[in-house]
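Engineer: I'd like to ask you about the structure that follows.
Every number in this text was worked out from the coordinates using simple rules, so none of it is lab data. On a predicted model such as this, the values are computed, not experimentally measured, just so you know. Note: ideal-geometry Cβ built from the backbone for every residue, glycine included; neighbour counts use all protein chains shown.
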Amino acid sequence: MRWDPVQYGRFADERGRPYLDLLARIEADAPRRVVDVGCGPGNLTALLPSRWPDAAVEGFDSSPEMISAASGVTGVRFSVGDAAAWMPTPDTDVIISNAVLQWLPTHRSLLRAWAGGLPSGGWLAFQVPGYLAPWNDLMIEIALSPRWAARLASAVEQEVPVSPARDYAQLLLDAGLSTDAWETTYQHVLTGADAVLEWVRGTALRPILATLGSDAGEFEREYAAALRTAYPTDSAGRTLFGFNRIFAVGRKP
């Protein structure tokens, strides 16, 4: 699956809001190394050198396209890397991961391993999108319909790939970290034709588009019609898009 930094960058302000809220809860004073796991195009990672000017700041992502887009960001060392195979070095005092772990079925065991690898005083902070929402329900319903099921059953998450905030809080507590976990539903005000479809095109819809190839347009038209009913546009061309986010922040004593 190839990522498109331009499509992902649409609604950048709305996508960036959870990162800012997550970052605000990390109270590290003078970390030696800060790592952004799954940094995407680097526009949010760019905030980290200003927050911690004396730290070595790194960002990595599995997508070469995203890392190429991040190349113009200064003050950060970017690289292509696999979050599922990564472990913090002993001087990694802050790990931050924004809207990445939902792609990794093993992320709960990874979180335990990362927590174990933190030095004393180290911070682990992550955010994942919630999936109990019409945009996801409709995508799965259409993908599993008779027209598409044979090709798409393995391309969609039929089970919610993330846990509630309470479960992540317990995971971090069991790993020995002090913990702050919460959920927020943002009411994003989107504009433009089929705005919710455009949002999902940048993330969760990508495995379906990659699987269908030249037939992706047919699927999108069916999905767009369903989204228009679930997320109506008002007379001023605005669409309210409620999007749930799940956050957890832990500190190692």
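Engineer: Limited to region 111-126, what total is found for residues that are surrounded by fewer than 20 Cβ atoms within 10 Å (Cβ to Cβ) and either at negative phi or not in a loop (DSSP other than H, G, I, E, B) (or both)?
Structural biologist: So the count comes out to 6.
Engineer: I need the full set of residues from region 197-253 which are of a type in the set (A, V, I, L, M) and touching a residue at least 60 places away in the same chain (Cβ under 8 Å), in order please.
Structural biologist: Hits for region 197-253 are Val200, Ala204, Leu205, Ile208, Ala210, Leu212, Ala226, Leu227, Ala230, Ile246, Ala248, Val249.
Engineer: While we're here: Is it the case that Ala84 is surrounded by fewer than 20 Cβ atoms within 10 Å (Cβ to Cβ), without any contact (Cβ under 8 Å) to a residue 60 or more places away in the chain and closer than 30 Å to Pro253 by Cβ?
Structural biologist: yes
Engineer: Right, another one. Step by step: first the residues of region 127-185, then only those that are of a type in the set (Gly, Ala, Ser) and not in a loop (DSSP other than H, G, I, E, B), then the one that is surrounded by the most Cβ atoms within 10 Å (Cβ to Cβ). Which residue is that?
Structural biologist: Ala143
For (1) under 21 Å from the mean Cα position of the chain (by Cα); (2) under 21 Å from Thr184 (Cβ atoms), each residue gets a yes or a no:
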position: Tyr19; (1), (2): yes, yes
position: Gly42; (1), (2): yes, no
position: Asp61; (1), (2): yes, no
position: Ser68; (1), (2): yes, no
position: Gly72; (1), (2): no, no
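Engineer: crowded, with 20+ Cβ neighbours inside 10 Å and of a type outside the set (Phe, Trp, Tyr), is that true of Asp93?
Structural biologist: yes
Engineer: Is it the case, given these coordinates, that Ala181 is farther than 30 Å from Glu65 by Cα and touching a Phe, Trp or Tyr at 6+ places or on another chain (Cβ under 6 Å)?
Structural biologist: Yes: the conditions hold for Ala181.
Engineer: Looking only at residues in region 93-109 that are in contact (Cβ under 8 Å) with a residue 60 or more places away in the chain and among the β-branched types (Val, Ile, Thr), which one is farthest from Ser62 (Cα to Cα)?
Structural biologist: Applying the filter and picking the extreme gives Val94.
Engineer: Okay, moving on. Considering each of Gly42, Gly75 in turn, give the residue that is part of a loop (DSSP other than H, G, I, E, B), crowded, with 20+ Cβ neighbours inside 10 Å and at positive phi.
Structural biologist: Result: Gly42 is the single residue among Gly42, Gly75 that is part of a loop (DSSP other than H, G, I, E, B), crowded, with 20+ Cβ neighbours inside 10 Å and at positive phi.
Engineer: Mind checking whether some residue in region 85-99 is part of a loop (DSSP other than H, G, I, E, B), small (Gly, Ala, Ser) and farther than 29 Å from Thr239 by Cβ?
Structural biologist: There is no residue in region 85-99 that is part of a loop (DSSP other than H, G, I, E, B), small (Gly, Ala, Ser) and farther than 29 Å from Thr239 by Cβ.
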